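**Q** Okay, handing you the structure first.
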Ligand code: FES
């Protein structure tokens, strides 16, 4: 992708408009989807797309400078210029919108607003009801505040003005029974949302989360074997290795991006055995079904795991 436009947004953010570097067509972008960027500094990072389109002419992303981060956001905020070409993975959606839901309750914290923006677009186009609870530490740290404020469906919460963080349980408890709930924000907000949804017995299929940071530590203790059903062979990850590491050491070329269980690029079908799920993507139901796993971070609860590889 080529950087076609670069503008500044509130909260130490840059907005990047990315077009096909060779004037080709871009794959469709759904609400909630993200793209993976392979940065020239060797980092791979995922960014939510700000617009949904069947035939997009460009992708737009917002990148917030994270001073404590590992350098991905710093590179994009401080070093990227118009005209630069960045290798990218096609959109992937781990946070899809249920467009048929009559009511949606959207909860965003800070830069977590990014996947919510195209959801609002799509819900408006379908004339569906929604409310947005948008929280940030301060008003100046809230990207897209100009576009959102003043809409009666948007409730703003600034921690410095309210003397504390957004009351997630209250929002979840007061949601209409059939509403679909979506939350994207920092780890503590997501944990509070998941706890509140469990407590309020929101059906798991109606509570959706998008993590930007890992939810669990990666499983790298080894002590089990991985059988490759299609290509044959058996691999035993050793201490310090993920399944992905062990398979690569065995000579397999496998897709990955974040290697932290948040992007979905390494999803692999499980044919036998019970994974030790460490990703932030699968729903509770999917975790129990054990039909699929993310081999960059998850391990095995059984001595033997048979994968569709
Ligand atoms: S590489 Fe991102 S989930 Fe595994």
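**Q** Of all residues in the stretch 240-251, how many are closer than 18 Å to residue 275 by Cβ, assigned to a loop (DSSP other than H, G, I, E, B) and either modelled with pLDDT under 95 or out of contact with any helix residue (DSSP H, G or I) (no Cβ under 9 Å at 6 or more places or on another chain) (or both)?
**A** Here the count works out to 1.
**Q** Among the residues of the stretch 236-245, which ones are surrounded by fewer than 21 Cβ atoms within 10 Å (Cβ to Cβ) and away from the ligand (no atom under 14 Å from the Cβ)? Don't jump to the end; show me each part of the working.
**A** Start the filter on the stretch 236-245 by keeping residues that are surrounded by fewer than 21 Cβ atoms within 10 Å (Cβ to Cβ), which leaves 236, 238-241, 245.
236, 238, 239, 240, 241 - these are the residues of the stretch 236-245 that are surrounded by fewer than 21 Cβ atoms within 10 Å (Cβ to Cβ) and away from the ligand (no atom under 14 Å from the Cβ).
**Q** Inside the stretch 1-93, counting only strands (runs of 3 or more DSSP E) that do not spill past its ends, which hold 1 or more residues that are in contact with a helix residue (DSSP H, G or I) (Cβ under 9 Å, 6 or more places away or on another chain), modelled with pLDDT under 90 and over 27 Å from residue 135 (Cα atoms)?
**A** Once the strands (runs of 3 or more DSSP E) in the stretch 1-93 are filtered for at least 1 residues that are in contact with a helix residue (DSSP H, G or I) (Cβ under 9 Å, 6 or more places away or on another chain), modelled with pLDDT under 90 and over 27 Å from residue 135 (Cα atoms), what remains is 44-48.
**Q** Take residue 286 and tell me if it is within 14 Å of the ligand (Cβ to nearest atom) and within 16 Å of the chain's Cα centre (by Cα).
**A** Details: within 14 Å of the ligand (Cβ to nearest atom): yes; within 16 Å of the chain's Cα centre (by Cα): no.
Against the criterion (within 14 Å of the ligand (Cβ to nearest atom) and within 16 Å of the chain's Cα centre (by Cα)), residue 286 does not qualify.
**Q** Residue check, residue 308 against (1) surrounded by fewer than 16 Cβ atoms within 10 Å (Cβ to Cβ); (2) within 16 Å of the ligand (Cβ to nearest atom); (3) closer than 19 Å to residue 95 by Cβ, all met but one. Which one?
**A** Every condition holds for residue 308 apart from (3).
**Q** Of the conditions (1) within 16 Å of the ligand (Cβ to nearest atom); (2) modelled with pLDDT of 95 or more; (3) surrounded by fewer than 19 Cβ atoms within 10 Å (Cβ to Cβ), residue 227 satisfies every one except a single condition; which number is it?
**A** (1)
**Q** Pick from the stretch 67-97 the residues that are surrounded by 14 or more Cβ atoms within 10 Å (Cβ to Cβ) and without any contact (Cβ under 8 Å) to a residue 12 or more places away in the chain: which of them is farthest from residue 29 (Cα to Cα)?
**A** 69
**Q** Wholly within the stretch 100-172, which strands (runs of 3 or more DSSP E) include no fewer than the required count, namely at least 3 residues that are within 30 Å of residue 28 (Cα to Cα)?
**A** Hits in the stretch 100-172: 103-109, 129-136.
**Q** What number of residues within the stretch 203-221 satisfy the criterion of being assigned to a loop (DSSP other than H, G, I, E, B) and crowded, with 18+ Cβ neighbours inside 10 Å?
**A** Filtering the stretch 203-221 down to residues assigned to a loop (DSSP other than H, G, I, E, B) leaves 203, 211-221.
This time we only want the ones that are crowded, with 18+ Cβ neighbours inside 10 Å, so: 211-212, 215, 218-219.
Selection size over the stretch 203-221: 5.
**Q** Any chance you could count how many residues in the stretch 253-282 are under 15 Å from the mean Cα position of the chain (by Cα) and within 8 Å of the ligand (Cβ to nearest atom)?
**A** Of the residues in the stretch 253-282, 14 are under 15 Å from the mean Cα position of the chain (by Cα) and within 8 Å of the ligand (Cβ to nearest atom).
**Q** Please specify each residue of the stretch 289-305 satisfying the condition of being more than 11 Å from the ligand (Cβ to nearest atom), in a loop (DSSP other than H, G, I, E, B) and within 16 Å of residue 242 (Cα to Cα).
**A** If the condition is that a residue be more than 11 Å from the ligand (Cβ to nearest atom), in a loop (DSSP other than H, G, I, E, B) and within 16 Å of residue 242 (Cα to Cα), then 301, 302, 303 are the ones that fit.
**Q** Go through (1) at pLDDT 95 or above; (2) more than 19 Å from the chain's Cα centre (by Cα) for residue 190 and report which single condition fails.
**A** Every condition holds for residue 190 apart from (2).
**Q** Something else about it: Assess whether residue 233 counts as being modelled with pLDDT under 95 and away from the ligand (no atom under 14 Å from the Cβ). Working first, answer last.
**A** Numbers: modelled with pLDDT under 95: yes; away from the ligand (no atom under 14 Å from the Cβ): yes.
When the stated conditions are applied, residue 233 passes them.
**Q** Do you know which residues across the stretch 261-305 are farther than 22 Å from residue 221 by Cβ, modelled with pLDDT of 95 or more and crowded, with 21+ Cβ neighbours inside 10 Å?
**A** none
The values are calculated or read from the model by the stated rules, or taken from the named source; none is laboratory data. All values reported here derive from a predicted model rather than from experimental measurement. Cβ sites come from the backbone with ideal geometry, for glycine too, and all protein chains shown count toward neighbours.
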